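Please read the structure below before turning to the comments.
The values are calculated or read from the model by the stated rules, or taken from the named source; none is laboratory data. Quantities reported herein were computed from a predicted structural model and do not represent experimental measurements. FYI the Cβ positions are ideal-geometry reconstructions off the backbone, even for glycines, and counts take in every protein chain you see. In case anyone asks, the SASA skips ligands and DNA or RNA and just uses the protein heavy atoms, side chains included. Shrake-Rupley method; radii C 1.70, N 1.55, O 1.52, S 1.80 Å.
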Amino acid sequence: MGALVKLMDALLFILLLAIAFKIPLLKGQACLPITLYPDCLVELRSWYAGEVGDYLMTETPDFYIGIIWVELLFQWPLVLVNLYGILAGKHWFNTTCLSYGISLFTGMVPIFAELTRSGRAPEKLLTVYYTFLSLGVLAILRGLLPNSSTTKFSSATFGKRPASVFHLVLPMTVCLAQAAAPVEQYGYEYVLNLYLVEIYGCNATVKPVAGVSGEFWSPATFGTILVGDNPLVEKPSPYSRRVGRAQGVVVVASKDGRYNYETSSHRFTTGEYNGSTLETRGTFDRLSGEPSELLIVGGTKQLMGARGIIILQALVQAYNYTVFQVTYKFSLLVN
């Protein structure tokens, strides 16, 4: 999956880079004053239209002008944002890529209706617009997949580290993955970077069980109570190897639905801490994406007497899951 996503990102980057120049420099001539463009660009547009037989570019019918304005005002900024999102590995890239793909694909519908019904489109012209249509489909598919990039963290075998946290995020999203990797260790002080996954919809790992009568029960509705049994995994991907379960209860504790209060137990099922648990509780800000701190209030077996905090922050959001980075800081007060 990771290799496929990287290949799609590389192909999208090349195509979007070409689009980033074509929209304002060539297509924009249909809407903007021709005096804004040097003669070389005007001649290049004329040569292109003649080479592929693009009669829409030369005749500029009204519906085509409207589509070009959409490309200039909406799609072109999204192209630039997506190019940056690919290079920087931003977690919001899925959303902007999906938005661009839907807009591009929608804009191709009236164009293909004209090209196919008029009978005036040569084979070269159809090939050009099929490329744009394919780009729209590719962008939509990429928007539905997770990001290939991850945040920087140390990686090692799970055998030496504990992990824990449970919380709620956006409805109808599958959430979090959890990989254990100690960054530093001083005496009884442990610092770990982990991931956790919550799943909504099909095969949900978080479900509402109670709430205010007459209101829709959801992670954003005040008074809703939910239970969760979320997988803990090694890497920031829902498909990574599982190392435990995060099981607990969440209450939507603020009237605006922003904060969830949770209490949970994280049971590890592999490595040195197999069978041990970390107990957590606290309030999580699920809307802003800012880091939140929760308490580690105890543990069992090898993690008995654990005390500390969890720093939680959204890492990747896809249409069916969200990945959070979790930093654990704790001491074992009982040796």
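What is the packing order of peptides 102-110, 209-217, taking the mean over residues of other C-beta atoms within 10 Å and listing the highest first?
Packing proxy ranking, top to bottom: 102-110, 209-217.
With all pairs of different alpha carbon atoms counted, what Kirkwood hydrodynamic radius in Å does segment 1-128 show?
It works out to 16.0 Å.
Tabulate in residue order the Karplus-calculated ³J(HN,Hα) for segment 118-123, using 6.51 cos²θ - 1.76 cosθ + 1.60 with θ = phi - 60°, rounded to whole Hz; enter x for Gly and Pro.
Once rounded to whole Hz, the list reads 6, x, 9, 7, x, 4.
For segment 244-323, report the accessible area per residue in Å² (1.4 Å probe, heavy atoms, rounded to an integer).
42
Pop a pseudo-label 7 angstrom from the Cα along the beta-carbon direction at both ALA88 and LEU126 and give the gap in nm to one decimal.
Taking the two extended label points, one gets 4.2 nm.
Let me cross-check TYR48: its accessible surface, 1.4 Å probe, with only protein heavy atoms counted, in Å² to the nearest 10?
Ignoring ligands and nucleic acids, TYR48 comes out at about 30 Å².
Within segment 111-133, name every residue whose backbone N is under 16 Å away from a label modeled 7 Å from Cα of GLU59 along the Cβ vector.
From segment 111-133, the list is 111-123, 125-126.
Provide the gained length on full extension for the span GLU51 to CYS202, in nm with one decimal, where the gain is 0.36 nm per separating residue minus the Cα-Cα distance.
So the chain would gain 49.3 nm between GLU51 and CYS202.
Excluding same-chain residues fewer than 8 positions from LYS255, which lysines have a Cα within less than 20 Å of its Cα?
Output for LYS255: LYS207.
Between LEU11 and THR106, what's the calculated FRET efficiency when r is the beta-carbon distance and R0 is 25 Å? Round to 0.05.
0.75
Which residues' amide hydrogens lie under 5 Å from the amide hydrogen of VAL323, considering only partners 5 or more residues apart or on another chain, with H built in the peptide plane?
LEU176, LEU315, VAL316, GLN317, ALA318
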